[in-house]
Amino acid sequence: MVSQGSSPSLLEALSSDFLACKICLEQLRVPKTLPCLHTYCQDCLAQLAEGSRLRCPECRESVPVPPAGVAAFKTNFFVNGLLDLVKARAGGDLRAGKPACALCPLMGGASAGGPATARCLDCADDLCQACADGHRCTRQTHSHRVVDLVGYRAGWYDEEARERQAAQCPQHPGEALRFLCQPCSQLLCRECRLDPHLDHPCLPLAEAVRARRPGLEELLAGVDNNLAELEATRLAEKEALARLREQAAKVVTQVEEASERVLRALLAQKQEVLGQLRAHVEAAEEGARERLGELEGQEQVAREAAAFARRVLSLGREAEILSLEGAIAQRLRQLQGCPWVPGPAPCQLPQLELYPGLLDKNCHLLRLSFEEQLPQKDSGKDGARSQGGDATQPQSRDGVQTPNQDRAQTPQEDEAQPLKAERAETPQEDGAKTPKESRAQTPQEDGGTQARVGSRSNKKRKFKGRLKSVSREPSPAPGPNLEGSGLLPRPIFFCSFPTRMPGDKRAPRITGLCPFGSREILVADEQNRALKRFSLNGDYRGAVPVPEGCSPCSVAALQDTVAFSAAARLYLINHNGEVQWRRALSLCQASHAVAAMPSGDRVAVSVSGHVEVYNMEGSLATRFIPGGKANRGLRALVFLTTSPQGHFVGSDWQQNSLVVCDGLGQVVGEYRGPGLHGCQPGSVSVDKKGYIFLTLREVNKVVILDPKGSLLGDFLTAYHGLEKPRVTTMVDGRYLVVSLSNGTIHVFRVRPLDS
């Protein structure tokens, strides 16, 4: 019995590409079988032969060419038999579209046979009705099986036809192969049996097949077992790669969390360590891809050989099986003797280590260690210990294991006691404390505790990041009302992705962003005249069609429609790009900012220093100037957004300030202080708590202000990868999306310090 896989049917063999040459893609002609059990046309192999070697086009195995040429390769009688059956079903002389009788021309008086209606399976001849009736009435042919030609052409009698048509001896035409010479392993007809094999022990074909089939089936079962091992190893390799990526993601998170708790000057080292991590993962992935390719290649070779052997044993006749028995047995033994890989290669999982002396500029605050580990067979133990770590080692809230966390204070910590009160008042420095919650610990105290991830091993290789000094001018200190309160939001990097698509003719220039459904954003690419949809993870979701000739500038989503400004017009379109209405705007302003109202049924647009609000029907609902008519001509709102509290927030380039006003135009707050660094205020976004995020493009910053417009401090800087930020938007009230001038988008999760 075959241990694995089901036996293929004759219909599958005839209907599949099994009878097609993989070189010329035509039906096999003079099929020759290579030692790797792949079959090709003799002429095709002759074209591929290079000297004394030939490389199989499918498995790429190099095989020697016999001295007599490719014609000396073993003829595939199994394929020949199937080809004869296919040709018989589709062949025959045609007259008026019908096959002709093969016996009528032999009886004289007719130049061509009459239309055939039957077929003799023993003679392999098409017969007319008269000849078919006579064929059943002669002594020599009365036992022949004559069947309906239509049913034969439909394949109803394929199995019976193959049983009745014996393989013919290539040396003696008309003689069927009946014996197997055991010493010579050669098929013989009655003529061949007489000379020169007269004294050799011979067996009838049926008896020879019964004797040799168990050996082939045993070899086939062994290859099936190897196939199972190969498949298990391949899956284990993929699981190891998945564990590597999962652990790498955990380490990235740990690096992000740890980096946010130390001084801002140390963020440069964070970027270096993350680069080392990415380089290690890329190198490991490259090696894994090579190993997977090799495993899949071995698996495919073994699977194809097993499939061929299984097909021959299931569908081949005795002569065909015996003719291929030697080649099949040799190939299966060869495959069984292959050095199968017992398991995936050891995987070096990166681990994060925190070292002492956090405020020492010459120390290495973050480092990676790589530990070789074989995949765990019992995954159920993962809950008792962290992956790649020690089950007895405590683990902090952030996933960073902290040995000796409950020990007594070290002398270094005692020396740091006078600095506690002074350091604890600054939120940025307070963020550098370890996860230990029982006491306030300064960065110097934390230097006495080494936070490590993963157990120590002699096989570890450690890559150390170096501290780089980066000079920058910080924003003014936050107001005293927020010092030490833990209410100032902070960024957690989420993802980054490009917005250039294959169909873009130019580099993207993002002029507008807005939320678009759940965890999705709409990007206005003015340069390519497109509204592109992306998920927060960077997956491209298609585009919203825009009217021909329109270059969308600012954009906002309202219910099932999209509003955008282009040139001096305001458009409202549905998701299919159909224009609902358009409104002409003032030509006094180069660009018009568009924002959706919190209710989602109105859209606001900045026009010549004032704000116009339109409803879904395109009617003007309200119009006001921030600060009243006294400010007519004194405002120029280039960027505009709305807050969940119903306020309007805009960047006023005329006053070089950020202005916050209510729905009636009354100014709630305005900031034009030194925190702008002399820059013109850029894009604005508001989170669900009302905090305002203002972009300062010239200094590569995003600063944060309270709901009334008071500066709180820097939120994003060049340390976070900001380089010429253009526009921002807030998604779900907690994801800040920032577009750069090069078309790249960064996504940050806004997280309060008290969370």
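The values are calculated or read from the model by the stated rules, or taken from the named source; none is laboratory data. Computed from a predicted structure; not experimentally measured. No Cβ is skipped: glycine too gets one built from the backbone with ideal geometry, and neighbour counts run over all protein chains shown. Side chains are part of the model used for accessible areas, which takes the heavy atoms of the whole protein and leaves out ligands, DNA and RNA. Shrake-Rupley method; radii C 1.70, N 1.55, O 1.52, S 1.80 Å.
Note on the range 568-685: along the principal axes its Cα atoms extend 46, 29, 27 Å, ordered by decreasing extent. For ARG490, the residues 5 or more places off, or on other chains, whose built amide H falls under 5 Å of its own are ARG751, LEU753. Among 693-701, 598-606, the peptide with the highest mean count of other Cβ atoms within 10 Å heads the list, and the full ranking is 693-701, 598-606.
Surface exposure of the range 171-218, expressed per residue as accessible area with a 1.4 Å probe, stands at 62 Å².
Per residue, the solvent-accessible area of the range 685-755 (1.4 Å probe, heavy atoms of protein chains only, all protein chains present) comes to 33 Å². Set the Förster radius R0 to 60 Å, insert the Cβ-Cβ distance between LEU48 and THR622 as r into 1/(1 + (r/R0)^6), and round the FRET efficiency to 0.05. After rounding to 0.05, the efficiency reads 0.15. Measuring between alpha carbons in the structure, the pairs from LYS532/LYS629; LYS238/LYS701; LYS250/LYS701; LYS74/LYS238; LYS250/LYS688 lying more than 30 angstrom apart are LYS532/LYS629; LYS238/LYS701; LYS74/LYS238. Of interest is the spacing of the C-alpha centroids, which for the range 675-706 and the range 566-626 amounts to 23 Å. Determine the share of the range 573-626's accessible area contributed by carbon and sulfur atoms, expressed in whole percent, with a 1.4 angstrom probe. Carbon and sulfur atoms account for 45 percent of the accessible area of the range 573-626.
Spacing of the modelled spin labels on ALA249 and ARG139, each 7 Å from Cα toward Cβ, amounts to 8.5 nm.
What you get for the range 636-755, charging only the Cβ of Lys and Arg (+1) and of Asp and Glu (-1), is a dipole of about 220 debye around the Cα centre.
Projecting the Cα atoms of ALA329, ALA279, SER314 onto the charge dipole of the range 278-330 (Cβ charges, centred on the Cα centre) puts SER314 farthest toward the positive pole. Amide H contacts under 5 Å for TRP581: LEU572, restricted to partners 5 or more places along the chain or on a different chain, H placed in the peptide plane at 1.01 Å from N. Label-to-label distance for VAL667 and LYS689 is 2.7 nm, based on points extended 7 Å past Cα in the beta-carbon direction. Straightening the chain between GLU290 and GLU207 buys 25.1 nm, computed as 0.36 nm per residue apart minus the Cα-Cα spacing. The percentage of C-alpha pairs in the range 484-561 whose separation is greater than 20 Å is 36%. Look at where the Cα atoms of the range 113-130 and of the range 496-528 average out, and the two centres are 71 Å apart. Restriction of the trypsin sites (Lys or Arg not before Pro) in the range 40-77 to DSSP coil positions whose beta-carbon has at most 15 other beta-carbons within 10 angstrom yields ARG60. Computed in the context of the full set of protein chains, the accessible area of the range 28-86 at 1.4 Å probe radius has 50% of its extent on carbon or sulfur.
The simple spin-label model puts a point 7 Å past each Cα toward its Cβ; for GLU218 and HIS172 those points are separated by 3.4 nm. Per residue, the range 536-630 exposes an accessible area of 44 Å² to a 1.4 Å probe, with every protein chain left in place. Here the range 676-755 exposes an accessible surface that is 43 percent carbon and sulfur, computed with a 1.4 Å probe and the other protein chains kept in place.
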